[in-house]
1. Loop-only trypsin sites (Lys or Arg not before Pro) in the range 78-176, please: DSSP not H, G, I, E or B, and at most 13 other Cβ atoms within 10 Å.
2. Less than 10 Å Cβ to Cβ from Gln196, Lys/Arg counted +1 and Asp/Glu -1: what total charge do the surrounding residues give?
3. Between Lys54 and Asp40, what length comes free when the chain is fully extended (0.36 nm per residue of separation minus the Cα-Cα distance, one decimal in nm)?
4. What nm value, rounded to one decimal, do you get for the distance between Ala247 and Gln195 when each label is placed 7 Å out toward the C-beta?
5. Which FRET efficiency, nearest 0.05, do Thr65 and Leu105 yield, Cβ-Cβ r, R0 30 Å?
6. Alpha carbon centre of the range 138-203 versus the range 71-112: separation in Å?
7. Rank-order 187-195, 44-52 by packing density, defined as the average count of other C-beta atoms within 10 Å over each peptide's residues, highest first.
8. Summing +1 for each Lys or Arg and -1 for each Asp or Glu, what net charge is found among the other residues whose Cβ lies under 13 Å from the Cβ of Thr19?
Amino acid sequence: MNNNQPLLVIWWPKALDQTRAEEEGRMLRVRYQVQARSGDKLHGGEEALNKLPKDLPCLVLVNPTELGLFAVVPPKLSGNKLKEALPFLVEPYLLNEPEENHVSLWPNLPGHTGGAKLAAVLGKTRARSIVSTCAQQGLKLAGLSCETLRERTGSEGAAWLSGEDFILVDGIDTPLLTPTAQPAVLKVMLQRRLQQLGAPIIQLSANDHDWLAQQVDGAMGENKIQSSTHAPIEPLPRLLNKSLLGADELRKMGMRPMASQGGYGKLLTPALVLVAVAVLGLNALAFKANRANAAIEAQIAESYAQALPTTPMVADPLLLIEREKRNLNAGLDTSNAQGLSALLHEVGLAMEQAPFNSMVDFAWAENTLSVRFNANVTEDQQGEALQKLKARRLDAKWLIGAQSNLPVLQLKKGATP
């Protein structure tokens, strides 16, 4: 990716708006800007997603209402250990399971009295939907971030209007996000934040300052909010360094991340050619494996969306089975107790000794559940599961998948005759 190339910035709509457009067969319309790397706007507006330029690197900004931001004090860990611990660090703030989220940590709170950092939480299902749509439309996704992750450029705070939202960052607490359509809520939230700030001043552009003064009328906090030529906030292209998904996550979702090219690229070209020739076979195998992984994940997502449209998808399908089992035990799924959820529950019980992450995907058609497993499920485990299911008077049998040659457990709705 050329660091001097203009950047396509897209403000992604809410999940509800995206789903509604898909159900009605409409192309999703988005707010966008083409910006220079300095942050200067070249042009922009609102356009259908399939009409946007395909030759520019693209920065997608998640709707701020769909990103959880929390001030947390991270444990004294680093690398993969810290990455694995983050979902459980924010678990008290979540309504879903920790494993269902991408969690990243940013040093956006240098003035926090407790030394906290900003934890950003994005649901994996939502991330997968956005990345998949970008791939379908041929967009060159360079990063997935959010406007509320922008940092102030000095010691003073900054506020600005973005679409239907008013955003304020002060480096002390989590960003303030308030809808512009609710001036009464904006006034109360702003007064509370200004009382907490103490000395720091909030600056915003002259136009935004005039609009805010009209909306909150007398809640400007004794000149704590001041007009400026522009808000002291970092330009949007800097958010490429605050991506909510790493390169590995993008690859798993079928999106090939764009790599940077430094000034040494031309000098290293001959050596790189030799290396490329030497590892050509490995590259081919890696490409094939990536394509296979992407196809499997797409099949899982499609089957899951058809079978359980109202239930969030989890990272590991076996966790899905466990979650459905808990829902049944809690009496939360009585409406379909004899259907898919009930059969998933029985599979979870019967396959509790299966290796972790051994489930590949499942399908539900004509009152029949077909669950495909990896080859690491032994014949003894298959036989034990079959005995348990038949003891429950379920019509169950093991098959071999026609395309994958993997074991498939098939259950039919209702008891055996």
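Read the figures in this text as sums done on the coordinates, not as results from a lab. Since we're looking at a predicted model, the values are computed, not measured. So basically every Cβ, Gly included, is an ideal-geometry build from the backbone, and we count neighbours across all protein chains shown.
1. Numbers: sites: Lys81, Lys83, Lys117, Lys124, Arg126, Arg128, Lys140, Arg150, Arg152; in loops: Arg150.
Loop-located and lightly packed - none at all.
2. Net of charged neighbours comes to 0.
3. Computed gain between Lys54 and Asp40 is 3.0 nm.
4. Computed distance between label sites Ala247 and Gln195 equals 4.8 nm.
5. Working: r = 21 Å, r/R0 = 0.69.
The calculated FRET efficiency here is 0.90.
6. Cα centres, the range 138-203 to the range 71-112: 21 Å.
7. On the way: 187-195: 16.8, 44-52: 13.4.
By packing density, highest mean first, the sequence is 187-195, 44-52.
8. Neighbourhood net charge equals -1.
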